[in-house]
Amino acid sequence: MRDWNVVVTVREKGFVLACELLEEFGRIEKTGYFNVLVMRVENMGEFLERLRREISENPSIMNFLARVIPVSEVFDFRTPEEFESKAGQAALQWAPKLAGKSFHVRIHRRGFKGRLSSMEEERLIADILLEALNKAGTPGRIAFKNPDAVLDVEILGQEAGLSLWQREELERYPFLRPA
């Protein structure tokens, strides 16, 4: 498994510009998926703030960066069942942050075509979280308009990365765009 904690989706003809901008933040690797890179960033908070400043000073950066999604949990899997088990377990770590909140799960899948359905997996992970929240007596709810949080799942072949983004972070960092 590669060592990564950021997924970058680049707009058409923006590959070189994205690499030039992002190489100062950490190690960049091609993924084998069109216009998708992964990075390893050591200090995520610093990375988010520096990239936000760069974009606020030069908004045209968003003409070649479609999405930049840091992830805090990465795992590999071989089967859909293994993905579901590991993703469900990983998602449960955020149940306390989702207590009484609105949220949704968003999966961006590259690879594993025909073996994983993004919509079905989103529903499954959301159901696992909703059940845990209900059992804890702090029910959450699914919302697609202005949710309190978005659980983002990035799938690259047989690797997956997950992260939870609160509304304030989504507003502060325009490059996240998990939904």
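Data table
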| read-out | value |
| --- | --- |
| Part-to-part distance (alpha-carbon centres) for the stretch 20-50 and the stretch 78-132, which is given in Å | 24 |
| Distance in nm between pseudo-label sites at Arg52 and Ala143 (7 Å out along the Cβ direction from Cα) | 2.1 |
| Crossing angle, helix 44-57 versus the chain [Cα axis fit, 0-90 degrees, rounded to tens] | 50 |
| For the chain: Kirkwood Rh in Å [reciprocal of mean 1/r, alpha carbons] | 16.8 |
| Principal-axis tilt of helix 80-92 within the chain, Cα atoms, nearest 10 degrees | 90 |
| Ordering of 62-68, 147-153, 19-25 by burial proxy (mean other Cβ atoms within 10 Å per residue, highest first) | 147-153, 62-68, 19-25 |
| Estimated inter-spin distance, Lys97 and Lys13, nm [label 7 Å along Cα→Cβ] | 3.8 |
| For a label point 7 Å along the Cα-to-beta-carbon line of Lys86, residues of the stretch 123-150 with backbone N under 17 Å | 125 |
| Helical mean residue ellipticity (222 nm; -39500 (n - 2.57) per DSSP H run of 4+; nearest 500) of the chain | -10500 deg cm²/dmol |
| Around Val38: net Lys/Arg minus Asp/Glu count, Cβ-Cβ under 14 Å | 0 |
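Readers should treat all values here as calculations from the given coordinates under stated rules, not as data from a laboratory. The structure displayed is predicted, hence computed values, not measured ones. Positions of Cβ are generated from backbone atoms using ideal geometry, with glycine treated the same way; all protein chains shown enter the neighbour counts.
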